[in-house]
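Any read-out appearing in this document is the output of simple, stated calculations on the displayed coordinates, not a laboratory observation. All of these numbers come straight from a predicted model, not from anything done at the bench. We place every Cβ from the backbone using ideal geometry, glycine too, and count neighbours over all the protein chains shown.
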Number of protein chains: 2
Amino acid sequence: MTGWVTIVGLGPGNEDMVTPEVRAALAEATDVVGYIPYVARVTPRKGLTLHASDNRVEIDRSKHALGMAQSGRKVVVVSSGDPGVFAMAAAVLEAVEHGDVTWRNLDIRVLPGITAMLACAAAVGAPLGHDFCTINLSDNLKPWSLIEKRLRLAAEADFAMAFYNPRSKSRPEGFAKALDVLKEVCTPQQPIIFGRAISTPEQSIKVVPLKDATPDMADMRTMVIVGSSATRIIEREGMPLIYTPRSVVS
Amino acid sequence: MTGWVTIVGLGPGNEDMVTPEVRAALAEATDVVGYIPYVARVTPRKGLTLHASDNRVEIDRSKHALGMAQSGRKVVVVSSGDPGVFAMAAAVLEAVEHGDVTWRNLDIRVLPGITAMLACAAAVGAPLGHDFCTINLSDNLKPWSLIEKRLRLAAEADFAMAFYNPRSKSRPEGFAKALDVLKEVCTPQQPIIFGRAISTPEQSIKVVPLKDATPDMADMRTMVIVGSSATRIIEREGMPLIYTPRSVVS
């Protein structure tokens with residue numbers, strides 16, 4: 001039996017955002033590996049073993065998946081969103097690079113998914129309709145100094161910005177520092193979008209001018225998008241529409 | 001009859017990457033509006049009128065869609081990839097902002113799709129697994145000076161970078177200039193990925209060190225991804241795996 005590892009993205013939560021190719025991989029799998037809440041999104045069936053593990057054990061989980069594939073199992077590693085954006089694809093490949101050399105020639109595939117920033121952007125309009133950058137605000141895996149440097153350069157470039165993992169329980173002060181940097185370098189009226197639990201029944205969205213943003217507006221389930229200086233707000237009944245125009249006038 | 005406009009992403013080409021919610025919107029539509037090759041991806045059926053138009057008429061197309069929705073039609077505007085990334089969502093909202101004030105209160109929704117950079121990244125591994133930026137290299141709608149400024153700042157921030165529209169027939173020199181900037185500010189070994197016609201039967205992928213990249217490696221169907229200084233290449237039989245680690249050592 002020839003095993004394989006396929007790392008898939010389940011999208012941000014709405015099951016109607018899961019692509020057919022991801023569904024097909026899940027239908028073929030003998031094993032599903034991932035963080036507890038993501039594995040919980042996979043429907044159990046006969047012949048499928050679910051291996052749910054806690055957060056922050058990404059490398060152990062990856063080694064487990066690769067080892068099972070080597071012994072002939074058909075393994076799907078699940079991420080929420082897209083597996084290539086601050087998720088399991090990089091973790092599995094890190095395990096490949098530093099692991100058993102025979103793992104390199106396993107059948108390893110990555111199937112994209114709807115990442116949270118694009119679902120959040122769609123929910124309010126098109127704030128990422130022009131050049132943008134995507135930053136993981138967690139300083140779990142990188143020094144704060146690098147995050148701050150990137151924030152300052154991204155603001156100087158006038159990118160729209162999408163932030164993943166803005167605020168953890170264990171290090172809530174990071175997002176407060178990020179807001180301080182942004183308030184210093186961006187204009188006060190640039191809109192900032194807080195999209196919580198996007199595409200799920202608990203979805204909530206708040207939009208405020210950057211000057212009015214406070215750290216408590218984000219938690220670990222929140223996607224944060226900051227408009228560029230060109231981002232527009234179209235007021236109307238209900239929630240405004242927000243977009244960044246395609247053109248920049250020179 | 002209550003009309004609506006829903007702007008959807010058809011993904012990069014593989015029909016198995018089209019989400020079920022996008023399929024459902026197409027199934028409900030009375031009219032589909034979009035650029036000729038994207039409308040050609042929609043299966044004709046009774047009761048559905050297809051309105052295909054040429055490139056560079058995005059605002060006219062948007063007005064057409066909004067006008068039809070106002071008269072009670074159920075209109076899907078199709079983009080390839082994700083509609084919020086250099087595609088139709090920003091164009092429709094621009095038409096809303098500057099158009100008939102009653103358009104603001106139409107039922108306007110955006111449904112995300114698999115954007116080309118994430119499909120291209122998945123095809124080679126996880127080169128966007130850490131902080132990255134996304135730049136439209138076309139100088140059709142913005143001055144070259146802004147593109148160059150953003151390239152330099154993004155390189156200084158050591159972002160991985162994804163480039164849309166790297167090279168047009170009418171202005172092929174833009175990508176040559178972009179490569180010159182990158183070669184000046186990045187390290188020569190940073191990998192650059194050229195993903196052409198990603199996820200379609202014509203898909204081809206080339207990976208070279210930045211120092212060996214030449215302008216003819218890209219055309220308008222090519223997605224270009226440049227790794228950061230941390231991006232790793234895992235050599236193996238066949239195409240290497242490429243990923244950007246989740247951690248940065250301080």
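Separation of the range A:6-38 and the range B:42-78, taken as the distance between their Cα centroids, equals 33 angstrom.
Looking at this model, which pairs from A:142/A:169; B:63/B:169; A:149/B:183; B:149/B:169; A:183/B:177 are more than 26 angstrom apart at the alpha-carbon? List each step's numbers first, then the result.
Values: A:142/A:169 17 Å; B:63/B:169 28 Å; A:149/B:183 22 Å; B:149/B:169 23 Å; A:183/B:177 33 Å.
Over 26 Å Cα-Cα: B:63/B:169; A:183/B:177.
In chain A, what % of DSSP beta bridges are antiparallel (nearest 5)? Could you put the intermediate results ahead of the total?
Details: 18 of 45 bridges.
If we restrict to bridges inside chain A, about 40 percent are antiparallel.
What you get for the range B:117-243, charging only the Cβ of Lys and Arg (+1) and of Asp and Glu (-1), is a dipole of about 240 debye around the Cα centre.
Compute the relative contact order of the range B:80-162 as a whole-number percentage, counting only Cα pairs closer than 8 Å that sit 6 or more residues apart in sequence.
On the way: 53 pairs, mean separation 24.7, N = 83.
Result for the range B:80-162 is 30 percent.
Counting from the shortest, the label point at residue A:170, 7 Å from Cα toward Cβ, is 5.3 nm from the same position in each remaining copy. The Cβ shell under 9 Å around residue B:247 holds other residues with a net charge of +1, Lys and Arg each +1, Asp and Glu each -1. With only the Cα atoms considered, the protein assembly as shown has a convex hull volume of 144 Å³ per residue. A Cβ-based charge dipole, computed about the Cα centre of the range A:166-237 with Lys and Arg at +1 and Asp and Glu at -1, lands at about 160 debye. Taking the C-alpha atoms only, the angle from helix A:144-156 to the longest principal axis of chain A is near 50 degrees. Between the Cα long axis of helix A:58-70 and the first principal axis of chain A there is an angle of about 30°, rounded to the nearest 10. The simple spin-label model puts a point 7 Å past each Cα toward its Cβ; for residue A:107 and residue B:60 those points are separated by 4.9 nm.
Per residue, the average separation of C-alpha pairs within less than 8 Å and at least 6 apart gives chain A a relative contact order of 20 percent.
Using a ≥ b ≥ c from the Cα gyration tensor of the range B:94-215 (square roots of the eigenvalues), is it rounded, prolate or oblate, where a/c under 1.5 gives rounded and otherwise the larger of a/b and b/c decides, a/b for prolate? Walk me through the numbers on the way to the answer.
Working: a/c = 2.00, a/b = 1.53, b/c = 1.31.
Taking the square roots of the gyration eigenvalues as a ≥ b ≥ c, the range B:94-215 is prolate.
Here the protein assembly as shown is treated with +1 on each Lys and Arg Cβ and -1 on each Asp and Glu Cβ, and its dipole about the Cα centre works out to around 320 debye. For residue A:47, the distances from its label point to the matching points in the remaining copies are 3.6 nm, ordered from shortest, with each point set 7 Å beyond Cα toward Cβ.
Among DSSP beta bridges lying fully in the protein assembly as shown, give the percent that are antiparallel, nearest 5.
Working: 39 of 93 bridges.
Antiparallel: roughly 40 percent of the beta bridges in the protein assembly as shown.
Under the simplified labelling scheme, the residue A:211-residue B:24 pair shows an inter-label distance of 4.1 nm, with each label point 7 Å from Cα along Cα→Cβ. Between residue A:202 and residue B:169, the simple label model (points 7 Å from Cα in the Cβ direction) yields a spacing of 5.2 nm. Using a cutoff of 8 angstrom between alpha carbon atoms and counting only pairs six or more residues apart, the relative contact order for the range A:4-114 works out to 43 percent. Among the residues of B:157-168, the average count of other protein chain beta-carbon atoms within 10 Å of the residue beta-carbon is 2. Helix-only arithmetic for the protein assembly as shown: the sum of -39500 (n - 2.57) across DSSP H runs with n ≥ 4, divided by the residue total, places the mean residue ellipticity at 222 nm at -8500 deg cm²/dmol.
In this assembly of identical copies, the label point of residue A:209 (Cα plus 7 Å along Cα-to-Cβ) is separated from its counterparts by 5.1 nm, sorted shortest first. Placing unit charges on the Cβ atoms of the charged side chains and taking the dipole of the range B:1-129 about its Cα centre, the candidate lying farthest along the positive direction among B:49, B:22, B:126 is B:49.
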